[in-house]
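Working notes for the structure below.
The values are calculated or read from the model by the stated rules, or taken from the named source; none is laboratory data. Values in this document were obtained by computation on a predicted structure and should not be read as measured data. Here Cβ is always computed from backbone atoms with ideal geometry, including for glycine, and neighbour counts include all displayed protein chains.
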Amino acid sequence: MIIHDFLNWVETAPDGPRAEAAGALARAWLYSAMDDESRKGASAALTVLLDDPCIDVRMAIAHNLCRSSDAPRHILLSLAGDRQEVASVVLGASPLFSDADLIDVLANPQEELQQVVANRSDLSAGVCAALAEIGTEAACRALLSNSSAKIVPSSLLRLAERFENVTDLREALLKRPDLPMHMRHALLLRHARSIGETAVAGEKRDQADGDNLLADASDKIALRLVHGASHAQLLEMSEYMRASGHLNTRLLLRAVCCGRFRFFATSLALLSGVPEERIFRALIAARPSALRAVMRKAGLPMRSHQAFLLAIDMAREGGADLTADLPLDLARMLTECLLGELQDEALGADGDILAFL
């Protein structure tokens, strides 16, 4: 009877009092000790109020029910399909929405609602993946700012593929410590390419110069990233560099000269099919013939072998640990000494190797 009288009253009541009454009814449903019959009546009344023409009435219901896990689910689902202002209240906070519910919302053309979903706390990997795939630029920006969102590497990859040309999103991805190494290389290379394209356009450089600068940047980025990397990361990076066409003689010679012996051995093993342990044994035992055989099998040109062997020999004589990364100051000394040795024409070093060093 009370609910019946309430519904009769709201038909003629002004907007303000109706909104206040709707909020009070929502709170009563959550917190009052009602019997089953009264609770059903209250739920029915709230359902009727979902069709109220005054947005303040629906907003009052949304604000009072949005954080409760005991709220009537059908009420929350209906409010999620309401106007953007109302839907944002429940979509941003209600624990009653399943991943499927949230993913359905992401297909909504309202960008604001995508952003609301992206800002939810403890967003699941599935919803993050959906956002990475179909989310707007603004929604994905919100997702990357959401520290509690469970963004898996495959979703980061998709975000990198979609927004590699969007500077602030690219930078947001690069700031993430969980970004896989090969994605970090790709994004940094995209950044270098952007700078290079600007330089070529502004200074009217030859395209070949731009390509050489980009290749140089790729090497430097890779060797900076692999410093201190785990073995799994080295394997991932070597495979990525090979697949992208960046794992070449120049990079490997630079790796040796920079003291990145672990990356050199891992890459050589990948290219040659020779077990990594055997390559390390050959490095430590100073077996030039074995190293030449591995380099030939890996496809490194014979004209480069002397430079590799000299660099390895100098590092060994300097007491370097050939199973670890060399400190930068020692790597610089190694390169300078190697360059001095290769000036000896009797060693038969090609001009392009000297120019590279």
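Worth a mention:
For (1) more than 22 Å from G81 (Cα to Cα); (2) touching a Phe, Trp or Tyr at 6+ places or on another chain (Cβ under 9 Å); (3) modelled with pLDDT under 90; (4) surrounded by fewer than 18 Cβ atoms within 10 Å (Cβ to Cβ), each residue gets a yes or a no:
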position: V105; (1), (2), (3), (4): no, yes, no, no
position: D122; (1), (2), (3), (4): yes, no, no, yes
position: S145; (1), (2), (3), (4): yes, no, no, yes
position: K150; (1), (2), (3), (4): yes, no, no, yes
position: L169; (1), (2), (3), (4): yes, yes, no, no
position: D178; (1), (2), (3), (4): yes, no, yes, yes
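- Within the range 58-80, considering residues that are in contact (Cβ under 8 Å) with a residue 40 or more places away in the chain and assigned to a helix (DSSP H, G or I), the one surrounded by the most Cβ atoms within 10 Å (Cβ to Cβ): A60
- Looking across R262, R254, one residue alone is part of a helix (DSSP H, G or I), farther than 20 Å from P180 by Cα and touching a helix residue (DSSP H, G or I) at 6+ places or on another chain (Cβ under 7 Å). It is R254.
- Summed over the range 236-251, residues that are at pLDDT 95 or above and within 18 Å of L283 (Cβ to Cβ) total 1.
- In the range 202-224, the residues that are closer than 17 Å to L247 by Cβ reach residues that are at pLDDT below 90 and assigned to a loop (DSSP other than H, G, I, E, B) with C-beta atoms within less than 8 angstrom, at least six apart or across chains, in these pairs: L223/C258.
- Of all residues in the range 1-36 being surrounded by 13 or more Cβ atoms within 10 Å (Cβ to Cβ) and β-branched (V, I, T), the one that is modelled with the lowest pLDDT: I3
- Condition met for I221 (in a helix (DSSP H, G or I), of a type outside the set (F, W, Y) and surrounded by 15 or more Cβ atoms within 10 Å (Cβ to Cβ)): yes
- When R176, R120, R141, R170 are checked against the criterion of being over 16 Å from the mean Cα position of the chain (by Cα) and charged (D, E, K, R), a single residue qualifies: R120.
- Number of positions in the range 134-163 that are outside any loop (DSSP other than H, G, I, E, B) and more than 18 Å from P180 (Cβ to Cβ): 7
- Selection status of A45, within 22 Å of E85 (Cβ to Cβ), in contact (Cβ under 8 Å) with a residue 40 or more places away in the chain and surrounded by 14 or more Cβ atoms within 10 Å (Cβ to Cβ): no
- Of the numbered criteria (1) among the hydrophobic types (A, V, I, L, M, F, W, C); (2) buried (at least 19 other Cβ atoms within 10 Å of the Cβ); (3) in the same structural domain as R193 (by TED's automatic domain parsing), the one A215 fails is (2).
- Residues located in the range 84-138, provided they are β-branched (V, I, T) and not assigned by TED's automatic domain parsing to the domain that holds C66: I103, V105, V116, V117, V127, I134, T136
- Search result, residues across the range 281-331 that are assigned to a helix (DSSP H, G or I) and under 33 Å from the mean Cα position of the chain (by Cα): L328, D329, A331
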